[in-house]
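Visitor: One structure, pasted below without further comment.
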C-alpha cells in the first residue's frame with residue numbers, strides 16, 4: 001500500500017513539475033493578508049503613485065547632452081546622478097573610477113548610392129569604434145552579402161576593393177526581439193573584420209531592428225585585436241531594401257561615403273554608486289542598476305537611462321516606505337557598457353579585491369517597457385526559490401521567471417559565484433529605438449517605467465528577506 | 001491499495017489545482033512535436049512575417065477621414081473594409097444594416113478660464129451627445145467637485161448657476177488602467193445629468209487618462225432618458241490641475257465656453273461581416289472582431305481600428321495557412337460601439353431571430369498593444385478548458401486567462417448563452433491615446449498588433465478543433 005501511495009505521490013510531483021514546465025515556478029501561497037503580498041502591494045503602489053524615476057529620466061535625457069563614454073555629456077551625467085543620489089539621504093554615495101575609450105563620431109557623415117549618373121542620398125551612421133574614411137571620402141562598388149557563408153563563397157576575388165553590404169534581416173518569427181538581435185548582431189560585431197580579411201574597403205550593415213525605419217542604428221563593432229580598420233557604418237532598413245533592390249538591377253551600384261569619426265586617448269570616468277547599509281549583514285550586498293553611458297545619436301532613454309533611474313528608484317522606494325534591508329542594497333550606474341565594459345570591469349575588480357559578497361545582482365538594460373519577468377542565471381535551487389515567488393508578482397504582470405538572463409554589466413560577477421538576474425520588459429518596441437535618434441524620453445511610458453522599478457524593488461525585498 | 005492510489009491521485013489533482021491558484025490553468029502538454037504547438041507556431045510565424053493587419057490599419061487611419069457613426073468617414077470605412085474582405089477569397093462578405101445616431105462636434109470649441117481680468121485658454125472637447133452652448137457662448141463661475149458624495153454635499157444651493165468641474169483622477173495604484181477607467185468614467189457618463197439635477201449650467205470633466213497631457217479626451221455621456229441637456233465637455237489632465245490650483249486661490253474662477261455640436265437624425269449604417277464557412281458544422285459560428293466606428297478627433301488606431309484589422313487578419317491567417325475550420329469562423333466589424341451600440345444590437349437581433357448558434361465570441365477592443373491574455377465570461381467548465389491551453393500560448397507572452405472579460409459588442413450575445421472572450425493587451429499605454437487626437441497609426445507597433453491577431457487566431461483554432 002505504502003509503496004503505491006509513495007508512487008502516486010511521486011507521480012503527483014512529476015505531474016506538478018511537468019505542469020510547470022511551460023511557466024516555471026512552484027506555487028507560492030498568495031492571500032490578501034500575506035505579509036509579502038502586502039509588502040509588494042505597498043512597493044508597487046508607491047512607485048505608481050509617487051515614482052521619481054520618470055522625472056529623473058526626463059532631466060537625464062533633456063538637460064544633459066548625449067553621454068557616450070569619454071564625452072562631456074558622460075561627465076555631466078555622472079555629476080547629475082551623483083547629485084540625485086546624494087540628495088536622497090542614503091548611507092553612502094560614491095564614485096568608482098575607470099578608464100574608458102573615447103571615440104567621437106565627428107560631424108560629417110554622408111552616404112550616397114550611385115547608379116550610372118544618379119545619386120541617391122542615404123543616411124549612414126558610423127559603427128562605434130570605426131575608423132574614418134579619407135578626408136575626401138571613399139567610393140567603391142557595393143556587393144551584397146547575405147551571411148558569413150555567402151561571404152566565404154564570394155571570396156577575395158569578388159570582394160576585394162568593394163564595399164561589403166551585410167543585409168541580414170531580423171528573423172521576424174522570433175517572439176523575443178532580443179533573440180533576433182542575438183542572431184543578427186554578429187554582422188555588426190565582426191562583419192567589418194571578416195569583410196576586411198577578404199579585401200573589402202568599407203562595410204555597410206543593415207540596421208539591427210525589426211522596424212522598417214529610415215534612420216540608421218549604430219552600435220559597437222569588435223574592438224579587440226580583430227577590430228576592422230576599414231570604415232564601417234550602419235544604414236537604415238528602408239535604405240537597405242532600396243540598396244538591395246538596386247543591386248538586382250543591370251547597372252553596377254557604387255556607394256560614396258564620408259565619416260570623420262576618431263578614437264582619442266582613454267579618459268578617466270566613473271561608475272556612480274549609492275547604497276543603503278544592511279541592518280544585519282552590511283558586508284553582504286544585493287546590487288542592481290543599469291548603465292549610464294549611451295550612444296551619442298540619441299537620448300539613451302530606453303538604453304539605458306531607464307535602467308539607471310529604476311535602480312535609483314529602488315533605493316527611493318526602500319527609503320520612502322521605511323523598509324530597512326538586512327543586507328546592504330546597492331545601486332550601481334555602470335559606465336561604458338556600450339563600447340568597452342570598463343565600468344563593469346572596474347566594479348568586478350573592486351568586488352574581487354575587497355572580497356565583496358554579493359547575494360544577488362540584478363540588471364535592467366532591456367528598456368523601460370512594461371515588465372514581464374526576470375531572466376535568471378544561477379544554481380537550480382536558487383532558481384526554484386525565485387520561481388516560487390512568481391504568484392506574488394503575477395498580479396503586476398510579472399509572470400515569467402523561466403528564461404535565462406543576466407546582463408553585460410553584472411556578467412563578470414558570475415565568476416565570483418553571484419546569482420544574476422535581468423529584468424525582462426516586453427521586447428517588441430525595443431529595437432524601434434535602440435541606438436538611434438529615436439531613443440528619446442517621449443517614448444518612455446511613466447507607468448511602464450515605474451512598474452519595472454517596482455518589480456526590481458519587490459525582488460530585492462524578497463531576496464533580502466529570504467536570502468538566496 | 002486501489003483506494004489509496006485513488007486518494008493519492010486526488011491529492012495530486014488538488015495539489016495541481018492549488019498550484020495554479022495564482023495563475024489559473026490546468027497544464028496542457030506542450031512538446032515541440034505536439035500538433036497544436038506546431039499549429040500555433042505556424043499561425044504566429046505567418047502573422048509576424050506576413051501579417052497584413054498593419055497595412056490595412058494604415059489605410060484605414062490615413063486614407064479615410066474620422067469615422068464617427070453617421071459621418072462620411074464611417075461610410076467610407078464600411079466601403080473600405082468591405083472591399084478588403086471581398087478581395088480575400090472568403091466564402092461570404094456582407095453588410096448588416098443598422099440605424100445609428102449622428103452627432104457632430106461642429107467646428108467651434110473654445111474654453112477660457114477667467115480670473116479677475118486674466119484669461120487662460122484651455123482646450124475643451126464636447127462629450128459625445130452633448131448639447132451645444134448658446135451661439136454666443138456661456139460663462140459662469142466654476143465649482144470643483146471631487147465625487148458624487150461631494151456633489152450631493154454641496155447641493156443645489158452651492159451648485160445652481162455654476163459650471164460643475166469633476167476632477168476625479170485615475171487611481172494610479174490600479175495595475176490595469178482599465179480598472180482605473182472603470183472607476184472614474186461614471187463622472188463622464190452620468191456626471192452631466194447629476195450636475196444638472198442640482199442646477200449646474202454646464203459640466204467640465206477631467207479627462208479619463210493616467211497621462212499628464214494637454215489635450216482633452218472625449219467619450220460618450222449617458223444617452224438614455226437621463227441624458228443631460230447642459231453643455232458638457234472634457235478638459236485635459238494638465239488643465240484640470242491648473243484649474244484646480246486656481247480654484248484654491250482667493251478670486252472666483254469663471255469659465256467661458258462655446259460648442260456648436262449638434263445631434264442630427266439617425267443615419268443608416270452597417271456592420272461589415274466576412275466569414276469562412278465551416279467544413280463540418282457551417283451553421284455553428286465562432287465570431288470575432290472589433291468596432292469600426294471611432295471618435296471624430298483622432299484616427300481611432302488603437303480604438304478600435306486595431307481590433308478590426310486583427311479580426312480580418314484571423315481570416316487571412318486561416319486562408320494563408322490552408323486551415324479549414326470545422327465551424328464557420330466569422331469576423332464582424334461592429335458599427336457604433338462608441339455612442340449607441342446599434343451595430344451590436346443589430347447583430348444580436350439577427351442572431352436571435354435566425355437562431356444562430358455561437359460556439360464563442362471574441363472581441364478585441366482594448367488597443368493594438370502587446371497581448372497578455374484573454375478575459376473570459378463563460379461557464380466554469382468552459383473556462384477551465386480554455387485555461388488548460390495556457391501553456392500553448394505562454395511562449396508568445398499570452399499567459400493570463402484568469403481575468404473576467406468580454407466586450408461591449410459581443411456582450412448582448414451572453415443572453416443567448418454564448419461564451420465570451422476579450423483580448424487583453426497590455427493596458428499601460430492605452431489611455432495615453434484613448435478618444436483623442438493622439439490615437440493615431442504611428443503609435444501602433446506592427447509586431448504587437450500582429451501578435452494580438454495571431455493570439456485570437458490561435459484561440460479560434462483551438463476552439464474550432466476542440467469545441468467549448
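The values are calculated or read from the model by the stated rules, or taken from the named source; none is laboratory data. Just so it is clear, the model here is predicted, and its values are computed rather than measured. Don't worry about glycine lacking a Cβ; one is built from the backbone with ideal geometry, like all the others, and counts go over all protein chains shown.
Visitor: In region B:234-257, what count of residues is obtained for those that are farther than 19 Å from residue B:116 by Cβ and surrounded by fewer than 22 Cβ atoms within 10 Å (Cβ to Cβ)?
Guide: Residues flagged as farther than 19 Å from residue B:116 by Cβ and surrounded by fewer than 22 Cβ atoms within 10 Å (Cβ to Cβ) within region B:234-257 amount to 2.
Visitor: Quick check on my filter: what residues within region A:162-175 are away from chain B (no Cβ under 14 Å) and in a loop (DSSP other than H, G, I, E, B)? Write out each step before concluding.
Guide: Looking only at region A:162-175, we keep the residues that are away from chain B (no Cβ under 14 Å), and these are A:162-168.
Scanning region A:162-175 gives A:162, A:167, A:168.
Visitor: Answer yes or no as to whether residue B:439 is within 19 Å of the chain's Cα centre (by Cα) and either without any contact (Cβ under 8 Å) to a residue 40 or more places away in the chain or within 13 Å of chain A (Cβ to nearest Cβ) (or both). Quick ask: steps written out before the conclusion?
Guide: Details: within 19 Å of the chain's Cα centre (by Cα): yes; either without any contact (Cβ under 8 Å) to a residue 40 or more places away in the chain or within 13 Å of chain A (Cβ to nearest Cβ) (or both): no.
So residue B:439 fails the test.
Visitor: Modelled with pLDDT of 95 or more, more than 9 Å from chain B (Cβ to nearest Cβ) and touching a strand residue (DSSP E or B) at 6+ places or on another chain (Cβ under 7 Å) - does that describe any residue in region A:19-40? Break it down into steps so the answer makes sense when it comes.
Guide: Taking region A:19-40 and keeping what is modelled with pLDDT of 95 or more, we get A:35-40.
Those still in the list that are more than 9 Å from chain B (Cβ to nearest Cβ) too: A:35-40.
From what is left, the residues that are touching a strand residue (DSSP E or B) at 6+ places or on another chain (Cβ under 7 Å) are none.
Checked against the condition, which is being modelled with pLDDT of 95 or more, more than 9 Å from chain B (Cβ to nearest Cβ) and touching a strand residue (DSSP E or B) at 6+ places or on another chain (Cβ under 7 Å), region A:19-40 yields no hits at all.
Visitor: Suppose the filter is within 11 Å of chain B (Cβ to nearest Cβ), more than 20 Å from residue A:179 (Cα to Cα) and out of contact with any helix residue (DSSP H, G or I) (no Cβ under 9 Å at 6 or more places or on another chain); does residue A:384 pass it? I'd like the intermediate steps shown before the answer.
Guide: Working: within 11 Å of chain B (Cβ to nearest Cβ): no; more than 20 Å from residue A:179 (Cα to Cα): yes; out of contact with any helix residue (DSSP H, G or I) (no Cβ under 9 Å at 6 or more places or on another chain): yes.
Judged against the criteria, residue A:384 is not a match.
Visitor: Scan region A:149-161 residue by residue and report those that are assigned to a helix (DSSP H, G or I) and in contact with a strand residue (DSSP E or B) (Cβ under 9 Å, 6 or more places away or on another chain).
Guide: First, pick out the residues of region A:149-161 that are assigned to a helix (DSSP H, G or I): A:149-159.
Residues satisfying the conditions are A:150, A:151, A:154, A:158, A:159.
Visitor: Please identify the pairs in which a residue from region B:168-182 that is within 24 Å of residue B:143 (Cβ to Cβ) has its Cβ atom under 6 Å from the Cβ atom of a residue that is surrounded by 18 or more Cβ atoms within 10 Å (Cβ to Cβ) and modelled with pLDDT of 95 or more, counting only partners at least 6 apart or on another chain.
Guide: B:168/B:184; B:168/B:187; B:170/B:180; B:170/B:184; B:170/B:210; B:171/B:180
Visitor: When you scan region A:73-87, how many residues do you find that are surrounded by fewer than 17 Cβ atoms within 10 Å (Cβ to Cβ) and over 22 Å from residue A:295 (Cβ atoms)?
Guide: 3
Visitor: Does residue B:178 meet the test of being in a loop (DSSP other than H, G, I, E, B), modelled with pLDDT of 95 or more, within 20 Å of the chain's Cα centre (by Cα) and within 14 Å of chain A (Cβ to nearest Cβ)? Let's see the steps before the verdict.
Guide: Numbers: in a loop (DSSP other than H, G, I, E, B): no; modelled with pLDDT of 95 or more: yes; within 20 Å of the chain's Cα centre (by Cα): yes; within 14 Å of chain A (Cβ to nearest Cβ): yes.
For residue B:178, the condition - in a loop (DSSP other than H, G, I, E, B), modelled with pLDDT of 95 or more, within 20 Å of the chain's Cα centre (by Cα) and within 14 Å of chain A (Cβ to nearest Cβ) - is not met.
Residues are listed down the side, and each one gets a yes or a no for (1) farther than 30 Å from residue A:62 by Cα; (2) at pLDDT below 95; (3) out of contact with any strand residue (DSSP E or B) (no Cβ under 9 Å at 6 or more places or on another chain):
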| residue | (1), (2), (3) |
| --- | --- |
| A:285 | yes, no, no |
| A:295 | no, no, no |
| A:307 | no, no, no |
| A:324 | yes, no, no |
| A:329 | no, no, no |
| A:333 | no, no, no |
| A:352 | yes, no, yes |
| A:356 | yes, no, no |
| A:362 | no, no, no |
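Visitor: A further question follows. Is it true that residue A:408 is at pLDDT 95 or above, surrounded by fewer than 19 Cβ atoms within 10 Å (Cβ to Cβ) and touching a strand residue (DSSP E or B) at 6+ places or on another chain (Cβ under 8 Å)?
Guide: Numbers: at pLDDT 95 or above: yes; surrounded by fewer than 19 Cβ atoms within 10 Å (Cβ to Cβ): yes; touching a strand residue (DSSP E or B) at 6+ places or on another chain (Cβ under 8 Å): yes.
It is true that residue A:408 is at pLDDT 95 or above, surrounded by fewer than 19 Cβ atoms within 10 Å (Cβ to Cβ) and touching a strand residue (DSSP E or B) at 6+ places or on another chain (Cβ under 8 Å).
Visitor: Further question: Of these, A:121, A:105, which one is without any contact (Cβ under 8 Å) to a residue 40 or more places away in the chain and in contact with a strand residue (DSSP E or B) (Cβ under 7 Å, 6 or more places away or on another chain)? Before the answer, list the steps.
Guide: Values: A:105 fails: without any contact (Cβ under 8 Å) to a residue 40 or more places away in the chain.
Of the residues listed, the single one that is without any contact (Cβ under 8 Å) to a residue 40 or more places away in the chain and in contact with a strand residue (DSSP E or B) (Cβ under 7 Å, 6 or more places away or on another chain) is A:121.
Visitor: Taking the condition in contact (Cβ under 8 Å) with a residue 40 or more places away in the chain and farther than 11 Å from residue A:374 by Cα, does residue A:420 pass? Give the steps one after another, and end with the answer.
Guide: On the way: in contact (Cβ under 8 Å) with a residue 40 or more places away in the chain: yes; farther than 11 Å from residue A:374 by Cα: no.
Considered against the rule, which asks whether it is in contact (Cβ under 8 Å) with a residue 40 or more places away in the chain and farther than 11 Å from residue A:374 by Cα, residue A:420 comes out as no.
Visitor: Which condition number in (1) surrounded by fewer than 17 Cβ atoms within 10 Å (Cβ to Cβ); (2) modelled with pLDDT under 95; (3) assigned to a loop (DSSP other than H, G, I, E, B) is the one that residue A:3 fails?
Guide: (3)
Visitor: I'd like to know if region B:434-455 contains one or more residues that are surrounded by fewer than 24 Cβ atoms within 10 Å (Cβ to Cβ) and on the phi > 0 side of the Ramachandran plot.
Guide: Checked region B:434-455: no residue is surrounded by fewer than 24 Cβ atoms within 10 Å (Cβ to Cβ) and on the phi > 0 side of the Ramachandran plot.
Visitor: Report whether or not residue B:369 is under 13 Å from residue B:411 (Cα atoms) and in the same structural domain as residue B:295 (by TED's automatic domain parsing). First the steps, then the outcome.
Guide: On the way: under 13 Å from residue B:411 (Cα atoms): no; in the same structural domain as residue B:295 (by TED's automatic domain parsing): yes.
Judged against the criteria, residue B:369 is not a match.
Visitor: Continuing with the same structure: Does region A:225-269 hold any residues that are farther than 26 Å from residue A:437 by Cβ and either in contact (Cβ under 8 Å) with a residue 40 or more places away in the chain or assigned to a strand (DSSP E or B) (or both), and which are they? Spell out how you get there, then give the answer.
Guide: Residues of region A:225-269 farther than 26 Å from residue A:437 by Cβ: A:225-226, A:229, A:247-254, A:265-266, A:268.
Hits for region A:225-269 are A:229, A:247, A:249, A:251, A:252, A:253, A:254, A:265, A:266, A:268.
Visitor: For region A:299-393, please list each of the helices (runs of 4 or more DSSP H) lying entirely inside it that holds at least 1 residues being within 14 Å of the chain's Cα centre (by Cα) and buried (at least 24 other Cβ atoms within 10 Å of the Cβ).
Guide: On the way: elements: A:306-320, A:342-353, A:380-387, A:390-393.
Correct list: A:306-320, A:342-353.
Visitor: Yes or no: residue B:195 part of a helix (DSSP H, G or I), more than 21 Å from the chain's Cα centre (by Cα), in the same structural domain as residue B:230 (by TED's automatic domain parsing) and within 25 Å of residue B:436 (Cα to Cα)?
Guide: The answer is yes for residue B:195.
Visitor: Suppose we keep only residues that are assigned to a helix (DSSP H, G or I) and more than 30 Å from residue B:105 (Cβ to Cβ) within region B:405-436. Which one would you say is nearest to the other protein chains (Cβ to nearest Cβ)?
Guide: Taking region B:405-436 and keeping what is assigned to a helix (DSSP H, G or I), we get B:411-416, B:430-433.
Now restrict to residues that are more than 30 Å from residue B:105 (Cβ to Cβ): B:413-416.
Numbers: B:413: 29, B:414: 26, B:415: 32, B:416: 33 Å.
This residue is B:414.
Visitor: Next question, about the same structure. Out of all the residues in region A:442-463, which are within 30 Å of residue A:323 (Cα to Cα), within 11 Å of chain B (Cβ to nearest Cβ) and out of contact with any strand residue (DSSP E or B) (no Cβ under 6 Å at 6 or more places or on another chain)?
Guide: If we filter region A:442-463 for residues that are within 30 Å of residue A:323 (Cα to Cα), which is where we start, we get A:444-463.
Still in the list and also within 11 Å of chain B (Cβ to nearest Cβ): A:444-452, A:454.
Within region A:442-463, A:444, A:445, A:446, A:447, A:448, A:449, A:450, A:454 meet the criteria.
Visitor: Okay, moving on. Of all residues in region A:217-233, which are surrounded by 19 or more Cβ atoms within 10 Å (Cβ to Cβ) and more than 30 Å from residue A:75 (Cβ to Cβ)?
Guide: A:230
Visitor: So, one more: Could you list all residues from region A:42-72 that are within 13 Å of chain B (Cβ to nearest Cβ) and surrounded by 17 or more Cβ atoms within 10 Å (Cβ to Cβ)? Steps first, please.
Guide: Applying the first criterion (within 13 Å of chain B (Cβ to nearest Cβ)) to region A:42-72 yields A:42-51, A:54-55, A:58.
Once the filter is applied, which keeps residues that are within 13 Å of chain B (Cβ to nearest Cβ) and surrounded by 17 or more Cβ atoms within 10 Å (Cβ to Cβ), region A:42-72 yields A:42, A:43, A:44, A:45, A:46, A:47, A:48, A:51, A:54, A:58.
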